[in-house]
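Here the structure is laid out as structure tokens; the discussion comes afterwards.
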Amino acid sequence: MSLILDLHTLRTPQRVLLGPLRLSVSPGRVHTLMGPSGSGKSSLLAALCGTLPEGLHFDGTVQLAGRRIDRLPPQARRVGMLFQDDLLFPHMTVRENLLFALPAGPAAAREAAMRQALADVEMDAFAHANPATLSGGQRARVALARALLAQPLALLLDEPFSRLDVALRERMRSLVFGLVRTRKIPALLVSHDSADVADLALLTHLLSAT
């Protein structure tokens with residue numbers, strides 16, 4: 001169930017942002033991409049999950065769990081995404097935010113999946129809370145639970161810890177990396193923080209294109 005990227009170029013009409021680049025991320029491992037702002041890190045994640053903005057062009061292939069996914073629509077790729085911002089719906093409770101992410105099915109099964117997702121991120125007691133009443137770390141955990149509810153085959157992390165204080169950052173990092181190992185899914189993490197590097201062998205430095 002590895003994530004394999006073979007990138008020739010990622011470019012705007014004016015210049016090449018990235019490439020060539022080849023990555024292979026095994027199940028349960030976190031590969032970290034580091035580089036300066038503007039080097040194309042977040043754009044690369046967008047290309048992997050199928051949400052690349054208009055005006056950017058991806059030339060390459062992406063394989064996940066033995067199948068090519070770069071030609072599939074985003075909803076068919078089974079790639080989860082966790083952003084710097086939690087992006088929770090402010091008019092919904094925590095429970096409703098999580099249920100929104102679940103596909104249609106029997107109500108009891110969806111409720112059980114929601115409860116398990118909250119337990120996995122140690123937020124069992126907050127199902128009926130308003131997101132506005134939660135701390136930054138709690139909101140980040142709810143966002144993580146939502147990203148994992150769809151049972152993605154890979155997880156993309158776009159600087160998800162950067163807005164947390166040091167103590168919360170360490171706890172969230174441990175939680176995310178632990179769930180990646182437990183669920184045996186490959187993860188690709190974009191970061192500016194060297195403390196986010198789970199394995200030095202799985203670190204790629206990106207240089208801004210000129």
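Looking across the range 141-183, the residues that are touching a residue at least 40 places away in the same chain (Cβ under 8 Å) and over 25 Å from residue 64 (Cβ atoms) come down to 142, 162, 163. Can you tell me which residue in the range 152-177 is surrounded by the fewest Cβ atoms within 10 Å (Cβ to Cβ), limited to those that are closer than 26 Å to residue 43 by Cβ and more than 12 Å from the chain's Cα centre (by Cα)? Restricting to residues being closer than 26 Å to residue 43 by Cβ and more than 12 Å from the chain's Cα centre (by Cα), the top hit is 162.
Within the range 156-204, track down each residue that is of a type in the set (Lys, Arg) and at pLDDT below 90. Residues satisfying the conditions are 163, 169, 171, 173.
The values are calculated or read from the model by the stated rules, or taken from the named source; none is laboratory data. Keep in mind it's a predicted model, so treat the numbers as computed, not measured. Ideal geometry is used to build each Cβ from the backbone, glycine not excepted, and the neighbour counts take in all protein chains shown.
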